[in-house]
Amino acid sequence: MDNENVKKKVMLSGIQPSGDLHLGNYLGAVKNWAELPEQFDCFYFMADLHTLTVRQDPKELRRRSTAQLAQYIACGLDPEKNTLFLQSHVHEHAELGWILNCYTMFGELSRMTQFKDKSARHTDNINGGLFTYPALMAADILLYQADFVPVGEDQKQHCELTRDIAIRFNNLYGETFKVPEPYIPKVGARIMSLSNPASKMSKSDPLGCVFLMDKPEELARKFKRAVTDSDTERCVRFDPENKPGVANLIQIYSSVTGRSFDEIEAEFDGKGYGVFKPAVGEAVIETLRPIREEAERMIADKAYLQQVYTDGAQKASFVARKTLRKVYKKIGLVEKPF
Ligand code: ATP
Ligand code: LTN
């Protein structure tokens, strides 16, 4: 069989448009995704339904959902090679989500650390969706018979639960779902907050966060202010334990320039933080400039984005529909006559 006829394995992931994409999302996730379509059949979506577990401003959610699509593309996710779509446009997600809720145990959901964290942070809105979120995430994955799910460490628990749900369902009704595996990239960079290098850079902590759409002046300011350490030697050395702020900046510089940690230490030998921090800022500015400019161009071209997410939803629906039909049949729902 030639290569063309070998069915590629399926890769699927999503990011919630609950904030704008940041450098951590890019270096730790989207940049790596862009290299996968040669090898895999890739589905990437904006997890807009998931954002509703926390109260959102409707106007902002709408803006961020399509802006995130523009940023995916600007980061290298070619819509010709990847299926890019909005979760809410493929109604099968919500439908299978409901069904899988009925195959997910209260005890399992109660053990999810993200539920515990988020319910501690939003005590005024501990809603049912926040609790049952992993069943919807399982639906996102299982609808596409995904083999691999590229996620960060914090989502591994949800991926494990997805596997358990798939196995449970398959045991009850026969082979229905592919049991997926988390896909943790070998060189996945974990980027920390510039203001607090002990916690990861995150949309929900905008203070030390470098957004892909930040203008160069803003980026320069953020890197100049980045927390380093009060070490008297003030030397650029990769020592995450004792110098977490500097190590984070070295990691960022290495990710955007491709230079090794040794090369970076040699480059800044004897130069101090006053030279190092602006140099990291400059390298990030040059990396993000074309991404921001391309994303801005697409955000202004609403018709183009609409075309991309329409095509994406159609392709995704085609696959999702097939799985959902199979599930309905297995569990005993009467086939829809129209
Ligand atoms: P939230 O603030 O809602 O937790 P987040 O900004 O931490 O969001 P996620 O939406 O959870 O980001 O993550 C989307 C993808 O980006 C995941 O694959 C995750 O591993 C990756 N990612 C997020 N933050 C970082 C980071 N600081 N370093 C590396 N990768 C990251
Ligand atoms: N829960 C993930 C976002 C997400 C996802 C998915 C990731 C929703 N559905 C399916 C991978 C596969 C998060 O909060 N980062």
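Read-outs throughout are calculated quantities, based only on the coordinates presented, and are distinct from any laboratory measurement. Computed from a predicted structure; not experimentally measured. Here the Cβ positions follow ideal geometry from the backbone for every residue, glycine too, while neighbour counts run over all protein chains shown.
Work out, step by step, the length gained on full extension between Lys336 and Asn242: first 0.36 nm times the residue separation, then minus their alpha carbon distance; give nm to one decimal.
Values: separation 94, 0.36 × 94 = 33.84 nm, distance 6.28 nm.
Gain on extension, Lys336 to Asn242, equals 27.6 nm.
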Say each of Cys102 and Lys9 gets a label point 7 Å from the Cα, pointing the same way as Cα to Cβ; how far apart are those two points in nm?
-> 3.3 nm
Cut-off 11 Å, label 7 Å out along Cα→Cβ of Val275, residues of the range 211-246 by amide N | 236
With a Förster distance of 30 angstrom and the Cβ-Cβ distance between Ser199 and Glu282, calculated FRET efficiency to the nearest 0.05 equals 0.75
For Glu181, other-chain or 5+-apart residues with amide H closer than 5 Å (H placed, Pro excluded) are Phe148, Val149
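Using the 10 angstrom Cβ neighbour count as an exposure proxy, how do Asp57, Asp41 rank, fewest first? It would help to have the intermediate numbers written out before the result.
Numbers: Asp57 9, Asp41 20.
Placing the least packed residue first, the sequence is Asp57, Asp41.
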In nm, to one decimal, how far is the Glu294 label point from the Gln56 one, both placed 7 Å along Cα→Cβ?
-> 2.5 nm
Could you list which residues have their amide H under 5 Å from that of Met46, counting only those 5 or more apart in sequence or on another chain, with H placed in the peptide plane?
-> Phe85, Leu86, Gln87
Show that you can apply the helix-only estimate: for the chain, add -39,500 (n - 2.57) for every DSSP H stretch of four or more residues, divide by all residues, and state [θ] at 222 nm to the nearest 500.
-> -16000 deg cm²/dmol
Near the amide H of Lys9, under 5 Å away, which other amide H atoms are found, from residues 5 or more places off or on another chain, if H is placed in the peptide plane?
-> Asp41
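Could you pull out the GluC sites (Glu not before Pro) across the range 184-258 that fall in loop regions by DSSP (anything but H, G, I, E, B) with no more than 13 other Cβ atoms inside 10 Å? Please list the in-between numbers first.
Details: sites: Glu217, Glu218, Glu233, Glu241; in loops: Glu233, Glu241.
Those satisfying the criteria are Glu233, Glu241.
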Net length gained if the chain between Val179 and Asp229 were fully extended (0.36 nm per residue, minus Cα distance) = 13.5 nm
Top mean-square fluctuation among Ala226, Ala300, Ala70, Gaussian network model of the chain, C-alpha springs under 10 Å?
-> Ala300
Please identify every one of the trypsin sites (Lys or Arg not before Pro) in the range 234-295 that sits in a loop by DSSP and has no more than 13 other beta carbons within 10 Å of its own beta carbon.
-> Lys271
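Do any chymotrypsin sites (Phe, Trp or Tyr not before Pro) in the range 83-175 lie in a loop, going by DSSP, with at most 11 other beta-carbon atoms within 10 Å of their beta carbon, and if so which? Before the final figure, lay out the partial values.
Values: sites: Phe85, Trp98, Tyr103, Phe106, Phe115, Phe131, Tyr144, Phe148, Phe169, Tyr173; in loops: Tyr103, Tyr144.
Hits after loop and neighbour filter: nothing returned.
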Once both label points are put 7 Å beyond Cα along the C-beta direction, the Glu267-Phe318 separation in nm becomes 4.4 nm
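Per 0.36 nm of contour for each residue apart, how much would the distance between Asp154 and Glu38 grow if the chain were fully extended, relative to their Cα-Cα spacing?
Values: separation 116, 0.36 × 116 = 41.76 nm, distance 2.70 nm.
Contour length minus Cα-Cα distance gives 39.1 nm.
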